[in-house]
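A.B. asks: Attaching a single structure in C-alpha cells format; questions to follow.
Since every read-out is calculated from the coordinates, none of them should be taken as a lab result. Not measured: the values here are computed from a predicted model. Here the Cβ is made from the backbone with ideal geometry for all residues, glycine too, and neighbour counts use every protein chain on show.
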Amino acid sequence: MSDLPALLVVLPILGALVSLLAGIRLDRSGWYVAAATLSVQVAGAVAFAADGLSGAPGSYAVGDFTIPYGIELLVDGLSATMVVLVAVVALGVLAYARHAGPRSNRFYSTYLLLVTGLTGMSVTGDAFNMYVFLEITGLTAYALVASGEGGRSAVAGLKYLLVGTFGASLYLLGVGYAYIATGTLNMADLSAELAAVGYASPLVRASFAFVVVGLFVKVAMFPLHTWQPEAYAGSPDSVSALIASLVSTVSAYALVRIVLTVFTPEFLEAVPFARPLLAATAAISIVVGSGLAVAQTEIKRMLAYSSVSQFGLVVAALSVTNATALVGLAIHLVGHAVMKGGLFLAAGLVATGVGGRSVSDYDGLGSRMPAAAAAFGVLTLGMVGVPPAIGFFGKWYIVVGTLEAGAWGLAVVILLSTLLTLAYFARLLERMFFREAPAGAETGPADAAVADGGEGHDVGSGSSADSGVSLGMVAAVLAAALLAVGLGAAVPAYESALAPTVEVLLS
Amino acid sequence: MSSSSTADGDDEFSLGNGPDRPYVESPIIMATVRIVAPFVFTLGAFVMFHGADSAGGGFQGGVIVGTAILMIAIAFGVGPTRDWLSASMLTALVVLGLALFMGIGLAAVASGGAFLEYTAIPVAHSSKYGIELVEVGIGIIVSVTVVGLFFALAAGHSNEDDEEVEQ
Amino acid sequence: MTPVEWAVLAFVLGSALATALLRDVLASIIAFAAYSLGIAVVWLLLRAPDVGLTEAAVGAGVTTVLFLLTIAKTVRPASDDLFVDVDLTAAGVSALLVAALATTLSALPPVGSSSTPVATSRVTNYYLENAYTETEVENAVTAVLAAYRGFDTLGEAVVVFAALIGLLVVLDRGVLA
Amino acid sequence: MIDVLVDRAYFVVAFLLLGIGAHMVIGDRNLVKKVIGLNVFQSGIFLFLIASAYVTGASAPLLSEPGPYVSPLPHVLILTAIVVGVSLTAVALGLIVRIYGEYGTLRADLVSEVSDGE
Amino acid sequence: MTDITSLRPLAAVLVSAVAIAPILLSGSRPNVRESWTAVAALAKFGIVVSMVPGVLAGDTYVTDLGSFLPGARFALEADALGVLFALLASFLWIVTSSYSIGYMRGLDEHGQTRYFAAFAASVSAAVGVAFASNLLVIFVFYELLTVATYPLVAHDETDEARSAARKYLAYTFGGGVAVLAGTALVYWLTGTVAFTPGGIEGLASADPMFARLAFALLASGFGVKAALMPLHSWLPDAMVAPTPVSALLHAVAVVKSGVFGIARVVLDVFGPETVGNLGMGLPLAAVAAFTLVVASVIALRQDNLKRRLAFSTVSQLSYIVLGLAVLAPTSLVGGLLHIPAHGFMKITLFFAAGALHVETHTDDISDMAGIGRRMPLTMAAFAVAAAGMAGIPLVAGFVSKYFLLIGSISAGQTLFAVALLVSGVLNIGYFWPVVYTAFFESPEETDEKPLISGPLGGRLSWGRAAVADPAADDHAGADAVADGGGDAYGHEGGHDHAAGWERRKWTGGESTWFMIAPILVTALGSIVLGIVPDGAVFLRIVRLIVAGATGVHV
C-alpha cells in the first residue's frame, strides 16, 4: 500500500496501453478499459486519501533513493484531495462520455494519460518533475481539445498549445533560476536552500516571478487566460467538462504547492512585490472575468470566463496565506471542480437534447428538459455561493481568511464576486424557467432519461451520428448537482483532517 | 520491400508544394538508402545499448533508428513503408516499450522495493541491467513514435481522404 | 571564452535571427535546422555530449523533417519580400522579457566557474560520487536519467507516447495507420 | 560591465534566444513559424540551464574518464525537456495540417477570423 | 431556561420541504397536489404549536445537526423569538394555502405546481430563519428564502414580472452579501456567531469601529428584506406576483425574515446594551423613522391598491425596526408585537385586494367605487384591518403602536414618537379613501359584471368563460373578452368600470369560501389581538423575549 503514490500515476498509463492494444482488435473497447482503470484508480485514490488525510504529512521516495537525490512524492491532505478529485471527476465524466463520445480507443488512451499527468502533478514533490507532469497534462489536454470535429476545435487546440507551452516554458525558466541559485530541485530542499541564498537575491525573485506567471497561464488568470474560452468552447462536451474541472484546478494546486512549499510564506513577507502580484491578479481576474462572462452569448464561453473569475478567488486565498483561507482554497478548488464540471456536462446535455449552445437557446428549458434545467439551476446557485451548496463554504473560509489577514480590499472584492457571479447566471435561470420556449423549438424528451435521438447539430461533439441523451449523461449531471449540495456536510470533518497539512504548508 | 508505383494521391510525399511535384522514384536515392540504412540502424542500436557507459542512450538511439526508417520511407514511398510496418506491429511495439519500462518499475515493487528501485529486483547486477532494459524500452518507444509521427503527419487529417484540399 | 565559442555563439544567434526574420517558411525551416546544428555544437562545447547527440538527432533531424513534411502537406506562401514585417507589439513584449531577464544577469554566476551553486551543490556531488556504486552505470547522465530521476524519465516516455496518440486523435487517424 | 557580459556570454545568448523565440510566437502570422519560434524559445531555456552546469576544464560526466566533471543533472533535465519539446512540436504540426485542411490558410489572423464565425 | 434536545424544530422546518416532492409529482392532479399542501401546512402548524407551552415555560427546543463551520454548529433552536415568527408564519400559511387554491383556480393560473412547490419551499426557509441558532444558519435560510421566492415573483413570466424578479434577486442577494460580510466580521471579532440572549460577549469589548461596521452590514443586509429605505424599491415591484404571494411572503414571511434578522442582531448578537453603547441604535431608528413617514406619504399617491399596500408594508415594517432600534424594553415589546399584528392585518388587506382582483378584476382604487356592495364581507374585513393599521383601538395595531409610543417617549425619543403619530395620521389618510370609496360611493352607471363559477368557485378564466358560454349575456361576454384577453394576469391594468356592482349578500355569495374564509379568519385574528392581547399567545411570548434580552419585565 505504501507504493500507492507511484502506482496511482502508473495505473492510468497501463490503462492507456491496454486501451490502445485492445483497439487493434476491438474498435469500441476503449471506454470499458478506461472505466475499469478509473474504477480501480478511484479505489486507490481513496486509500491514498486515507493515508494523506490522517495524521502528519508523509512522503514517498521513488526508487528508494535518498531525498533530495531521488524524486519525492508527497502524501498529505492537499495532494490526497487532488488525487481523489481527479479520479472521481474523471470517472464521472467518463460516464457521460460513453454515449456522448468521442469514442475511439486512442481518445480514451489520451484521456487516461491526462489522468496520469494530473495525478502526477498532484503528488510530486520535485520542481522539475512537476514540469514533466505539467507537460503530460498539457499535451494530452491539447490533443483532447482538438478531438472534436471541425476546424474550430483544431484552432482552439493549437492556440491552447501555443499559449500553454509558453506558460510551461516560463515555469521551467523559473525552476531554472531556482536551480541555478541553489543546485537542487526537491521542493523541500529548495525551500531551505532558497532561504539560505536569501530572498533578496534577484535569482530567487526572478524564479518566483517566472514560476508564478507561468502557472498563471495554466490556471488562466487574467490577462493570461486567452487560451481558455476557445479551448472550452471548441472542444467536445466531455472534454470541456474534464478540462474545465480538472486542469486549471490542479494547476492552481501546483501554484499553491510551489508558492507555499518552495517559496514559503516568509518569502511573501520578505519580498514586497510577491503578495501584491498574487492579490492584484486575483482581484482583477475576479472582476474582469465576471464582466467578460456577462458579455458572452455562448454558454461554454461564459462558463470559461466564469472560471477565470472563480480562480481569482483561489489565488486571492493563496495571497493572504493563512490557515483559514487555505482551507477555503482547498474547499473551493474541489467545489468549483464539481460544479463547473457539472455545468459543462449540463450544457452538453442541453446541446444534445435541444440543440442549443447559446444563451438564448435556454428559453423555456425548464419545461423542455426538466432534469437538465434543474441540475443546471442548482449548480448555478452553487457557483453563486448560495448555501448550503459547497460554493458557499469555500467562499466563507476565504472571506474569513482575508479578514484575519486584514486584506480588506480583497474581502470586499470576494464578497462582491457573489453579485458578479449572479450577474451572468441569473439571466440563465430566468430564461430557463420564466420564458416560453421559442415557437417551433424542438421539444426535448419529456423524461430526459429517454433517448429520443435529438439532432446533434453541435459543432463540438465528437460523434454526431446518434447523439441522443443517455442515462449515463443525465446521471453524471445529476450526480454533480447532488455532490455540489451534499459535499457541504463533509466540510467540518475535512477541515480537521486538513489541519496538519495546512500547518506544515504554512510553517 | 518493393517500390511499387505510387499512383494513389494519399501516399504522395514530396518536398515542395504538394501534388505539384509528385513523388518520383529515384534509383540513386533508393540504392543509397539500401546501403546506408542498415548502418544507420546499427548505429542507433549501438547508441541505444551503450548509453550506460558512454554518451547516448535509449532516446538518442531510438531517434536514430527512427530516422533510418524515415530514410527508407522517403526513398521508397510512405505507402509501401507503412504497409511493410503494419499498424498493429507498431502499436504492439510502442506498447511493449512502455510496458518494459513500467514492468521493471513494477517488478521492483513486486520484489518488495519501491517503484523503480532496481536493486530490489533479486538478480545479479540488477541495477545495470535494469537501466539497460529501461533504455531499450525508451529506444523502442521513441523509434516507433518517430516513425508513427511521420506517417500520421504524412497521411494528414482523415477528412482529406475524401476531398483533395488544395489552394 | 575561446574564439571557437564566440564563433559558434555568433552562428547560433545569426541563424536564430534568420529563422525569425526570413519570410519564406522553407528558408526559415532550413535556418532552423542550421540553428539546431549550431546549438548541438554548443552542447558539445559545454561538455554535454548526451544533449548534443540528442539535439543533432532531434533538432536537426526529426524536427526538421516534421516541419518539411508539414509544409509539404500544407502550403508555402509565396512572397516577394525576403523578410517578415516586425510586429511592434510582439517586439515590445519580447524586449520587456529580455530586459527583465537582463536584470538578473549580474546576479548569475559566471559561466565556467567552479564555485557556482550548481557545481558545488550536494546533489551534484552526490551523483558524481555515488552514481557508479549505486547504479553500476558509468555515464552519470544515464544514471541520473534512468535511476535517480527515473520517474521523470517515465514521464518523458509518457510524453512521447502521448504525442503519438495525441497526434492520432488530432488527425482522427486509426491506430498508427 | 564588459567582464560581466563576457563571463556570462552564454546567458546573454540564451536571453536573446528567448526574446527571438517569444517574438516569433507572439508576432509571426504564419502558424508554422509560430511553432518554430516555440522551439527557439525553449532552446533558449535549455542553453540557460546547460550553461549553468559548465565548469571550465571539467569533462563530461562520464565517470570512466578522469574528473572533475560538469554536473549531470541539468543535462538530464534538458534531455527530458528536448523530448517534451519535440513531442509538442509534432502535435502542433498535426493541428496545423488539420487547420490548413479546414481553412486553407496558415495565417493566424485569417484562421481566427474564420473560426470565430462558426 | 433549559435546552431540550428535540427533533421538533427540524421537523417544523422540513415538513413543508418534504412536501415539495409529492407536490411536484402530483402536478397533474390538482386536488391531490393541494391536499399535500394542506397536510403539510397543518402538520407544520401543529409542530410549532406543540412547542409553545414549553417555550412559554422558558424552555428551548434544540435540534443539533452537528458541526457546520468553525464557531458554528448547524443547530435549530426554537426559542421564544423563533417561535413567535414560526407560529405566525405557519399559522398564516394554512389560511394562505386555502386562499391560494381559490385564487389560483379562480384565475386559472399557469404553473400552479411550481407555484405550490415554491410556496412550500419558501415557508420552510422562513421557519428555518425563525429557528436558526446562529448567524450562519440564519444566512443559509435567508438565502434559500430568496431562491425559493424568486419563482413566485417571476411567476407571471411577463417582462414586467421578470424585471421585478431580477430586481428582487439583485437586491436580496446584495443584502445576503452584506449579511455574509457582517457575519464574517462578527466571527473574526469574537470567534463565534451563535445567538446569545443579551448579545455575544466578545462584541462588547471588540474594536468599536469593526463592531459598528459589522452592525451596519448586518442591519443593512437584513434591512433589504425589511425594506428599509433606500433599500425598499424591490418590494413595490414584487407586487407583480400573485396576490397570495404578496400576502404571505411580502407582508409576512420574507419581509418579516428581514425584520426578524434585525431583531436577532439587536437582541441576540449585539444585545440592546451593546447596540446602545456603540451608538448604532439612533441611526437605525432614524432610518426607520424616515422610512415610515416617507413610505406613508408615497402610499398616499398610489392608485393601484397592491402598490399602496406595498408602501404601507414598507412603512409598517419600519415601525418594528424603530421599536427595536429605540432599545427601550417597552418599545421592544411594541416592535416585536407588531410582527404578528402587522402580519394579521396586512395579510387581510392583501387577501381582500386579491379577492377583488379575482372576482371583479379591479386593481385600482379609482375603479372601486361602490365595490362594497359587490363584496361586502371582503370589504368589511378590509375596513377592520385598515383601521388596525391606522392604530384605532380594538384592532391589533393599536396595542403594538401603543407600546411603541410609550417606549419611544419613555426612552426620551420624542421625535420618533411624533413620527409614529404622523405616520398614523397618514395611515388613515391612505386607507380611509379606499373604505369610503368602496362603501359610500357608487358608479354612475349600473351594468352587471359577468360571473361564471368554476366547480370550486371563482372564475375559470375570463377569456375561456366567455368562449365556453356564448349564451351568457352578450354584452357581458364581449366585456369579458376585452378584459381578459389583453390583461389576464396584469395587476396594473386599469379597468373601465362603467359597469356598476351587482349587490351580493354577505352570506358568501361574493366569492368562493376558499377565499372568504381566510379573509375572515385573519380579520378576526386582528381583532382578537386587539381586544385581548394577553389572551392571544403572542404578547406573552414577546414579553418573554424582552425579559430574556433586557432582564426587564414589561
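A.B. asks: Report, to one decimal in Å, the Kirkwood hydrodynamic radius for the stretch E:247-358 based on all distinct Cα pairs. Walk me through the intermediate numbers first.
C.D. replies: On the way: mean 1/r = 0.0696 Å⁻¹.
Kirkwood hydrodynamic radius for the stretch E:247-358: 14.4 Å.
A.B. asks: Could I ask something else about it? Cut-off 10 angstrom, C-alpha nodes, Gaussian network model of chain D. Which of D:T56, D:T80, D:T89 fluctuates the most?
C.D. replies: It is D:T56.
A.B. asks: Could you tell me how far the Cα centroid of the stretch E:246-308 sits from the Cα centroid of the stretch A:297-337, in Å?
C.D. replies: 36
A.B. asks: Rounding to the nearest 20 debye, state how big the charge dipole of the stretch D:2-116 is about its Cα centre with +1 on each Lys and Arg Cβ and -1 on each Asp and Glu Cβ.
C.D. replies: On the way: 6 positive and 8 negative charges, 30 e Å.
In debye, rounded to 20, the stretch D:2-116 gives about 140.
A.B. asks: Kindly state, as a whole number, the per residue volume in cubic angstrom of the convex hull around the alpha carbon atoms of the protein assembly as shown. It would help to have the intermediate numbers written out before the result.
C.D. replies: Numbers: hull volume 273.0 nm³, N = 1523.
So the per-residue Cα hull volume is 179 Å³.
A.B. asks: Extent of the stretch C:116-177 along each principal axis, from alpha carbon coordinates, in Å, largest to smallest?
C.D. replies: Taking max minus min along each principal axis of the Cα atoms, the stretch C:116-177 gives 50, 27, 14 Å.
A.B. asks: Moving on to the next point. Give me the angle, in degrees from 0 to 90, between the Cα long axis of helix C:64-73 and the longest principal axis of the Cα atoms of chain C, rounded to the nearest 10.
C.D. replies: The angle comes out at about 20 degrees.
A.B. asks: What average count of beta carbons from other chains do you get within 10 Å of the Cβ of residues in E:164-176?
C.D. replies: Working: counts 0, 5, 6, 0, 0, 6, 4, 0, 0, 8, 4, 0, 8.
Mean partner-chain Cβ count within 10 Å for E:164-176: 3.
A.B. asks: For chain A, what does the convex hull of the Cα positions come to per residue, in cubic angstrom?
C.D. replies: Values: hull volume 61.9 nm³, N = 507.
Per residue, the Cα convex hull of chain A comes to 122 Å³.
A.B. asks: Which of C:A119, C:A60, C:A157 ends up with the largest GNM mean-square fluctuation for chain C, with Cα atoms connected below 10 Å?
C.D. replies: Result for chain C, Cα springs under 10 Å: C:A157 fluctuates most.
A.B. asks: Just need the Rg to Rh number for the stretch B:9-158, please, alpha carbons only, Kirkwood Rh. Before the final figure, lay out each step's value.
C.D. replies: On the way: Rg = 18.6 Å, Rh = 16.9 Å.
A ratio of 1.10.
A.B. asks: Among E:K306/E:K401; E:K44/E:K167; A:K340/E:K44; A:K395/E:K44, which pairs are too far apart, with a Cα-Cα distance over 26 Å? Walk me through the numbers on the way to the answer.
C.D. replies: Values: E:K306/E:K401 23 Å; E:K44/E:K167 31 Å; A:K340/E:K44 37 Å; A:K395/E:K44 33 Å.
Long pairs (Cα-Cα over 26 Å): E:K44/E:K167; A:K340/E:K44; A:K395/E:K44.
A.B. asks: Rg and Dmax of the stretch D:2-116 over Cα atoms: what are they, in angstrom?
C.D. replies: Rg, Dmax (Cα atoms, Å): 18.8, 61.
A.B. asks: How many percent of DSSP beta bridges within chain E run antiparallel, rounded to 5? Could you put the intermediate results ahead of the total?
C.D. replies: Values: 10 of 13 bridges.
Percent antiparallel among DSSP bridges in chain E is about 75.
A.B. asks: With unit charges on the beta carbons (Lys and Arg positive, Asp and Glu negative) and the dipole taken about the Cα centre of chain E, which residue among E:T158, E:P329, E:F85 sits farthest to the positive side?
C.D. replies: E:P329
A.B. asks: Okay, moving on. Sort A:352-365, E:313-326 for me by packing, meaning the mean count of neighbouring Cβ atoms within 10 Å per residue, highest on top. It would help to have the intermediate numbers written out before the result.
C.D. replies: Numbers: A:352-365: 20.8, E:313-326: 29.4.
With the highest mean Cβ count within 10 Å placed first, the list reads E:313-326, A:352-365.
A.B. asks: On a straight-distance basis, which lysines could pair with B:K128 in a cross-link, Cα separation under 19 angstrom, same-chain partners fewer than 8 positions away excluded?
C.D. replies: Within the straight-line limit of under 19 Å, B:K128 reaches no lysines at all.
A.B. asks: Percent relative contact order of the stretch A:4-506, based on C-alpha pairs within less than 8 angstrom and at least six residues apart?
C.D. replies: On the way: 990 pairs, mean separation 83.6, N = 503.
Once divided by the residue count of the stretch A:4-506, the mean separation gives 17 percent.
A.B. asks: If each Cα of the stretch C:1-74 is one equal point scatterer, what is log10 of I(q)/I(0) from the Debye formula at q = 0.21, 0.26, 0.28 Å⁻¹?
C.D. replies: -0.87, -1.11, -1.19
A.B. asks: What does the convex hull of the alpha-carbon atoms of the stretch C:54-100 project to on average, in nm²? All intermediate terms of the calculation are to be shown ahead of the outcome.
C.D. replies: On the way: hull surface 22.1 nm².
In nm², the orientation-averaged hull projection of the stretch C:54-100 is 5.5.
A.B. asks: Relative to the longest principal axis of chain C, what angle (0 to 90°, nearest 10) does the C-alpha long axis of helix C:88-102 take?
C.D. replies: 10
A.B. asks: Hey, what did chain E get for relative contact order, percent, Cα under 8 Å, at least 6 apart?
C.D. replies: Values: 1070 pairs, mean separation 84.3, N = 554.
Worked out over chain E, it gives 15 percent.
A.B. asks: Something else now. State the Kirkwood hydrodynamic radius of chain E in Å, one decimal place, computed from all pairs of distinct Cα atoms. Could the numbers behind the result be given before it?
C.D. replies: Values: mean 1/r = 0.0430 Å⁻¹.
Averaging 1/r across every pair of different Cα atoms and inverting gives 23.3 Å.
A.B. asks: Just the ratio, please: alpha-carbon radius of gyration of the stretch A:131-179 over 2.2 N^0.38 Å, N its number of residues. Write out the running numbers ahead of the final one.
C.D. replies: On the way: Rg = 12.6 Å, N = 49, 2.2 N^0.38 = 9.7 Å.
Normalised Rg, Cα atoms only: 1.30.
A.B. asks: Let me ask another. Given the options D:V40, D:V55, D:V32, which has the most mean-square fluctuation in a GNM of chain D, springs set between C-alpha atoms less than 10 angstrom apart?
C.D. replies: So, out of D:V40, D:V55, D:V32, the one fluctuating most is D:V55.
A.B. asks: So which lysines can D:K33 reach, going by Cα to Cα under 18 Å and dropping same-chain residues fewer than 8 places off?
C.D. replies: In chain and number order, the partners are A:K159, C:K73.
A.B. asks: Just going by the charge dipole of the stretch A:1-109, with Lys and Arg at +1 and Asp and Glu at -1 on Cβ, which of A:G70, A:L26, A:A43 is farthest out on the positive end?
C.D. replies: The one lying farthest along the dipole's positive direction is A:L26.
A.B. asks: Count, for each residue of B:131-143, the Cβ atoms from other chains sitting within 10 Å of its Cβ, then give me the mean as a whole number. Provide the component values of the computation, followed by the final result.
C.D. replies: Values: counts 10, 4, 1, 8, 5, 0, 4, 8, 0, 1, 6, 10, 0.
Neighbouring Cβ atoms belonging to other protein chains average 4 per residue here.
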